[in-house]
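To start, the structure itself, in structure tokens.
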Amino acid sequence: MTAITAESIMPLADAVPGTASPAVAMRRLSKRYDERWVLRDITLDVPMGSYLALLGANGAGKSTLLHTLAMLSPATRGGLCLFGESAARPSPALRARLGMIGHQPMLYRDLSAAENLIFFGKLYDVSRPKQRALDMLERVGLADRAQSVVKTFSRGMTQRLSIARALMHAPELLLADEPFSGLDVPSVRAVSALLSELHADGKTVILTNHDVRQSLELAQRVVVLRQGGVVSDRPVLDADAEEVTREVIG
Amino acid sequence: MSATTHAVAAYAVTILLLWGYAATLWLSARRQKTNDNQDNAGKYPQGNPGSNRGGSDPS
Amino acid sequence: MNTLKKKIWTAYWLATAAMFAAAVAMVFAWTPTEATMGTVQKVFYLHMPVAINTFLACMVTFIASIGYLWQRRQVWDDLAASSAKVAVLLCSIVLLTGMIWGHSAWGQWWTWSPRLTFSLVLWLLYVAYLVIRPSIESRQRRALVSSVYGVVAFLDVPLVYLSVKLMPDIHPSSIALAPEMKLTLLSCFVPVTMLAAGLIAARFHLQRAETLSMQEADDPSLDVIPVRPAGGLT
Amino acid sequence: MTKVLRQIALVSGKDLRIEARSRQTLGLVVVLGVLIVVVLGLGLGPQQVASGMAATAVLWVAYLFGGVLCFEKTMAVERHDGALAGLMLAPIDRGVIYAGKLISNLALMVALALVVTPVAVVMFGFDLSASPFGFAAIMAGGFVGFAAVGTLFAAAVSSTRLQGGLLAMVVFPLSLPLVIASTQMMARLFGEGEPLGSVGLTVLIAFDAVYLVVSWLVFELILEP
């Protein structure tokens, strides 16, 4: 049982000359939390510019996987490379290429919408953060609430602001953890349009979702997780909603 | 109290604490062992190949 | 193999017990009584080896804590917790024997002399370690918080020593030892150290068994669900 | 280097802005500090209070409890709505987060001290005139070490339940040597009238150095969203 280090999978990514390394490369990624294995032997490649949906029931390990991909917590075992660079000791430059929409909004509730965006923009060294913040607020339809404090926002508004925060620095890879949960229909439409726009721009998008039909409409490829392991992985074109649902339920 | 009583008391306290702790450890190790045996007998009936912690020895 | 291990283990404890008994007998029957302090000086032969072993146990906790922070293996945390428990036990003995000695030598159970304060703070540091642990529910969190604590607490020890140096001192200066006394000290030191190490090992074994019985198997692969080969998408 | 400093200023500036807006923590902490001073003043009775030296010990009690509250609050700001994860995603060193939080905590503690110290000095009749700068130096040295461990453990503890008592339980014993050193120095400085140089300020500096370096090294390992 030899441990797979991130370094050992590097040659794999470089093996085929002329092809760019995948945006995300996982090799037998496993993670134990307390007594339980929450991720088991996950091996996946996510090529640049793809749109991937991770499906699974609650507790299947979707959020944990996304957290691990975002390098927020290390894997217990296995290797992970982002853009061909090991995620074990990520450089700031690597972190800057990645954006995340979490389960929680990741915003300061006592600061205004604009202040939040400017703060994160400055952390990412975005040029002209103020202008960029206003542009982003415009894009997510919150321009008129720029000076309001976040704690006065509704769930949908907070979520849109959270997306604006994640996109402030124009990341190449966007990780979205249940971006549609708790949103009303117009907000869902706005958020999914934003994600598709990103994908059309050539960015890589990975989202977790529990709505099978919606995922099949949005993404290019669906991966089903159960008990922390990959059960199926196929392009949307081959996928049948009924069958995928069965796989999710188990 | 004389000096001798003090010295003897110090030794008594030390011996009591050190060996007393050793005794409690020994007792709980024994209790754990019998528990494990009972557990395993209940959880894994004979001939179960899926049991991956068959023995009672943790090491 | 297993029975051999068990035999060695039994022999270790029997040897420790025998040497301990011999050392105690030696202290009372053979070693000459110290001239100025009288019989109560005999406490010293136990007091000092136990004190040194307290430090050793604290050091084991320190090293195991670093090990956990470095590797994140539960084994390290189990070791750290076990040796901290023994360290507290040993430190309690140091304090108690010290107090008994002090009461005989200068008529008071407790004085705020630097060395006493030092031992007390050391004791408090590690008692707090043991008290904090059970109040953290998640095993990983507990291991993390206590290993950070284990590191900082050990680094605190020289600092406590420095800070109590600022206090006015009334502790007697060092005692000159006759050769017989040195021999007695050594023959006490060996069984006490063996006992301390044995206690840590025994406690560690118990802890390990408990942890392993809680944990899922070490192999994370899914053996129930068939994994479909990845459908290539480019 | 300037980039790092700018990032640190950004992180703690954000904390202070939030605090300035809600004024939640400071109000709480200052009232708690004054309460502690008053209760201990009453409990010690006129004889002990007259000695004046009791003031330094009482002040430390107020600082310890108030400080722990500050550490908890500044970390709670990050825990709320998962803001810490946002900070951890950003391309900044973990040390920057630590330094930023440390500075916020120190700022809050200095604000606390500015209110509580005069109250205690007046109520205990403590004569500061002998060496006001010595007093400030010793307290500052104590604060840095205390905030260094406090910030570290606030990050380690806050994602567990049972935060309140737990953080105090972790930080108090580790800060004991700091309190001993500081009160003993005060006793020498004011009780025996020794000059500041011979009081052994190096002990405090050694403390601060050890705590800062260790916390900074360990912080990266323990930070989890």
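Please give the number of the condition residue D:218 fails out of (1) at pLDDT below 85; (2) crowded, with 19+ Cβ neighbours inside 10 Å; (3) of a type outside the set (Asp, Glu); (4) more than 18 Å from the chain's Cα centre (by Cα).
All conditions pass for residue D:218, except number (1).
Just to verify a result, which residue in segment B:3-27, among those that are facing chain C (nearest Cβ under 8 Å) and under 20 Å from residue C:106 (Cβ atoms), is nearest to the chain's Cα centre (by Cα)?
It comes out as B:13.
If you check every pair at least six apart or on different chains, which have Cβ atoms under 8 Å apart with a residue in segment A:98-117 that is more than 7 Å from every other protein chain (Cβ to nearest Cβ) first and a residue that is aromatic (Phe, Trp, Tyr) second?
Every condition considered, the pairs that remain are A:113/A:153; A:115/A:108; A:116/A:108.
If only one of C:130, C:162, C:124 is open to solvent by 10 Å² or more (accessible area, probe 1.4 Å), under 14 Å from residue C:58 (Cα atoms), within 7 Å of another protein chain (Cβ to nearest Cβ) and not acidic (Asp, Glu), which one is it?
Criteria check complete, one pass: C:124.
Please specify each residue of segment D:169-198 satisfying the condition of being among the hydrophobic types (A, V, I, L, M, F, W, C), at the interface with chain C (Cβ under 10 Å from one of its Cβ atoms) and open to solvent by 10 Å² or more (accessible area, probe 1.4 Å).
The answer is D:169, D:172, D:176, D:179, D:180, D:187.
Starting from segment D:113-140, keep only residues that are under 16 Å from residue D:32 (Cα atoms), then list their pairs with residues that are surrounded by 11 or more Cβ atoms within 10 Å (Cβ to Cβ) and aromatic (Phe, Trp, Tyr) whose Cβ atoms are within a distance under 8 Å, requiring at least 6 positions of separation or different chains.
Going by the 8 Å Cβ cut-off, the qualifying pairs are D:113/D:63; D:113/D:143; D:116/D:63; D:120/D:126.
State which residue is surrounded by the fewest Cβ atoms within 10 Å (Cβ to Cβ) when the search covers only segment D:1-13 and only residues that are of a type outside the set (A, V, I, L, M, F, W, C) and within 19 Å of the chain's Cα centre (by Cα). Don't jump to the end; show me each part of the working.
We begin by selecting, within segment D:1-13, every residue of a type outside the set (A, V, I, L, M, F, W, C); these are D:2-3, D:6-7, D:12-13.
From the residues that got through so far, the ones that are within 19 Å of the chain's Cα centre (by Cα) too are D:12-13.
Working: D:12: 22, D:13: 16.
Top of the filtered list is D:13.
Checking residue A:138 against (1) without any contact (Cβ under 8 Å) to a residue 12 or more places away in the chain; (2) away from chain D (no Cβ under 11 Å); (3) under 18 Å from the mean Cα position of the chain (by Cα), only one condition comes out false. Which one?
Every condition holds for residue A:138 apart from (3).
Out of the strands (runs of 3 or more DSSP E) lying entirely within segment A:162-250, which hold 1 or more residues that are under 30 Å from residue A:119 (Cα atoms), within 14 Å of chain C (Cβ to nearest Cβ) and open to solvent by less than 10 Å² (accessible area, probe 1.4 Å)?
On the way: elements: A:173-177, A:204-209, A:221-226, A:229-235.
Of the strands (runs of 3 or more DSSP E) lying wholly inside segment A:162-250, those with at least 1 residues that are under 30 Å from residue A:119 (Cα atoms), within 14 Å of chain C (Cβ to nearest Cβ) and open to solvent by less than 10 Å² (accessible area, probe 1.4 Å) span A:204-209.
Going by the conditions given, is residue A:97 among the charged types (D, E, K, R), closer than 17 Å to residue A:229 by Cβ and open to solvent by 20 Å² or more (accessible area, probe 1.4 Å)?
no
Filter segment A:141-161 for residues that are more than 13 Å from residue A:103 (Cα to Cα) and basic (Lys, Arg); which is nearest to the other protein chains (Cβ to nearest Cβ)?
A:151
Are any residues in segment D:98-118 open to solvent by less than 40 Å² (accessible area, probe 1.4 Å) and either β-branched (Val, Ile, Thr) or modelled with pLDDT under 90 (or both), and if so, which ones?
The answer is D:116, D:117.
Given the conditions (1) crowded, with 16+ Cβ neighbours inside 10 Å; (2) within 21 Å of residue A:60 (Cβ to Cβ); (3) out of contact with any Gly (no Cβ under 9 Å at 6 or more places or on another chain); (4) modelled with pLDDT under 90, report the number of the one that residue A:142 does not fulfil.
Status for residue A:142: all satisfied but (2).
Can you report the number of residues in segment A:52-97 which are among the acidic types (Asp, Glu) and within 12 Å of chain D (Cβ to nearest Cβ)?
0
Hey, can you tell me all the residues within segment C:4-36 that are modelled with pLDDT under 85, within 12 Å of another protein chain (Cβ to nearest Cβ) and open to solvent by 70 Å² or more (accessible area, probe 1.4 Å)?
Selection gives C:28, C:33, C:36.
Yes/no per residue for (1) modelled with pLDDT of 95 or more; (2) within 30 Å of residue B:4 (Cβ to Cβ); (3) open to solvent by 20 Å² or more (accessible area, probe 1.4 Å):
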residue	(1), (2), (3)
C:74	no, no, yes
C:94	no, yes, no
C:97	no, yes, no
C:109	no, yes, yes
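Among the residues of segment D:23-62, count how many are modelled with pLDDT under 85 and either over 18 Å from the mean Cα position of the chain (by Cα) or open to solvent by 70 Å² or more (accessible area, probe 1.4 Å) (or both).
16
The values are calculated or read from the model by the stated rules, or taken from the named source; none is laboratory data. None of these values were measured; they are calculated from a predicted model. Backbone-built Cβ (ideal geometry, glycine too); neighbour counts: all protein chains shown. To get the accessible areas, we keep the full protein, side chains included, count just its heavy atoms, and leave off ligands, DNA and RNA. Shrake-Rupley method; radii C 1.70, N 1.55, O 1.52, S 1.80 Å.
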